[in-house]
Amino acid sequence: MAQSTNEESATRLLGLQKNPYLRLISGGETLTISACKGGEKASLYNAGETFPGSFPGYIDSDCKGYGINLPQPATKKSYVVVHEMYNKDANFKTLFGSLSSDLKSLAFESQEQIEKFAQENKQWLRTDGYGTFFLFTEEVDGEEKFFVADVRFRSGGLRVVVGHLSDGDRWYASLAHRIVVPATKSSGA
C-alpha cells in the first residue's frame with residue numbers, strides 16, 4: 001500500500017499523469033539489448049532459431065507480405081523499459097500513444113533488437129501464451145510505416161507475428177500483455 005501511495009505522490013509532484021493503460025514494471029532495473037550487427041539476414045523473418053514456436057517451418061509470412069523482410073541497420077547497445085497492461089483495454093495505437101505522442105521515440109531501430117531482447121531478456125517476456133509487443137518502423141514503398149511485433153511463448157516455443165500499428169484489435173488489460181520500448185523520458189524511464 002505504501003509503495004502505491006509513494007508512486008502516486010511522485011506522479012503528482014512531477015506533474016505527470018498516471019497512464020490509464022500501462023504501468024512500468026521494469027522499474028529501477030536497467031534492461032539492455034546488446035549491439036546488433038545488422039545486415040541482410042537480421043530481420044524477424046530470418047530469426048527461426050530464436051522463434052522456433054512460430055508456425056511450422058517459417059516465421060510469420062506477413063514479414064514478407066508486408067515488404068519488411070529487409071536488411072537491418074547495425075545498432076549500438078540500447079536501454080529499454082517494460083510496461084504491462086493493467087487497467088483499461090486498448091488497441092496498439094492507444095497503448096503506444098499513451099506513452100508518448102512521438103511514436104518514433106518508442107520504436108526500435110532494427111528488427112534484430114527485438115530478436116536480441118527475446119534472447120537476452122527472456123524473463124521479461126509475458127508467459128502463458130500472452131503477448132509482449134514491440135514497435136518498429138520500416139520504409140515500405142518510400143513511406144515509413146509502423147509495425148508491431150507480438151512475441152509469445154506457445155507450446156512449440158517462442159514465436160513472433162507482425163501486424164500494423166493501425167490494426168484495430170482490442171487487447172484485454174486483464175491478460176497483462178507487455179510493451180517493451182526504448183528507454184526515454186517519455187516512455188517512463
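Return the residue satisfying two criteria in turn: it lies in the range 125-146 and is among the aromatic types (Phe, Trp, Tyr) and out of contact with any Ser or Thr (no Cβ under 7 Å at 6 or more places or on another chain), and of such residues it is nearest to residue 38 (Cα to Cα).
Just the residues of the range 125-146 that are among the aromatic types (Phe, Trp, Tyr), to begin with: 130, 133-134, 136, 146.
With the extra rule that they be out of contact with any Ser or Thr (no Cβ under 7 Å at 6 or more places or on another chain), the set shrinks to 130, 133-134, 136.
Working: 130: 28, 133: 21, 134: 18, 136: 15 Å.
Restricting to residues being among the aromatic types (Phe, Trp, Tyr) and out of contact with any Ser or Thr (no Cβ under 7 Å at 6 or more places or on another chain), the top hit is 136.
Based on this model, can you work out whether residue 78 counts as surrounded by 14 or more Cβ atoms within 10 Å (Cβ to Cβ) and under 17 Å from residue 182 (Cβ atoms)?
It is true that residue 78 is surrounded by 14 or more Cβ atoms within 10 Å (Cβ to Cβ) and under 17 Å from residue 182 (Cβ atoms).
Within the range 108-121, count every residue that is in contact with a Phe, Trp or Tyr (Cβ under 9 Å, 6 or more places away or on another chain) and either touching a residue at least 60 places away in the same chain (Cβ under 8 Å) or within 15 Å of residue 47 (Cα to Cα) (or both).
Total satisfying the criteria: 8.
Checking residue 113 against (1) on the phi < 0 side of the Ramachandran plot; (2) exposed (fewer than 14 other Cβ atoms within 10 Å of the Cβ); (3) not hydroxyl-bearing (Ser, Thr, Tyr), only one condition comes out false. Which one?
(2)
Here is a check on your reading of the model: is residue 113 under 12 Å from the mean Cα position of the chain (by Cα), of a type in the set (S, T, N, Q) and assigned to a helix (DSSP H, G or I)?
Numbers: under 12 Å from the mean Cα position of the chain (by Cα): yes; of a type in the set (S, T, N, Q): yes; assigned to a helix (DSSP H, G or I): yes.
Here the answer is yes, as residue 113 does meet what is asked.
Give me the pairs: first residue in the range 148-163 and surrounded by fewer than 22 Cβ atoms within 10 Å (Cβ to Cβ) and of a type in the set (A, V, I, L, M), second residue assigned to a strand (DSSP E or B) and modelled with pLDDT of 85 or more, beta-carbon distance under 9 Å, and six or more apart or on different chains, which are they?
Close Cβ pairs satisfying both conditions: 158/151; 158/152; 161/149; 161/150; 161/151; 161/152.
In contact with a Phe, Trp or Tyr (Cβ under 6 Å, 6 or more places away or on another chain) and of a type outside the set (Asp, Glu): does that describe residue 181?
So residue 181 fails the test.
Among the residues of the range 61-106, write down those that are in contact (Cβ under 8 Å) with a residue 60 or more places away in the chain, assigned to a loop (DSSP other than H, G, I, E, B) and of a type in the set (A, V, I, L, M, F, W, C).
68, 70, 99
Here's a check for you: in the range 150-176, which residue that is assigned to a loop (DSSP other than H, G, I, E, B) and among the small types (Gly, Ala, Ser) is nearest to residue 66 (Cα to Cα)?
The qualifying residue nearest to residue 66 (Cα to Cα) is 166.
This table checks each residue for (1) closer than 24 Å to residue 65 by Cβ; (2) polar (S, T, N, Q).
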site: 111; (1), (2): yes, yes
site: 120; (1), (2): no, no
site: 125; (1), (2): no, no
site: 133; (1), (2): yes, no
site: 136; (1), (2): yes, no
site: 143; (1), (2): yes, no
site: 147; (1), (2): yes, no
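The values are calculated or read from the model by the stated rules, or taken from the named source; none is laboratory data. Everything numeric here is computed off the predicted structure, so don't read it as measured data. All Cβ positions, glycine included, derive from the backbone under ideal geometry; neighbour counts span all protein chains shown.
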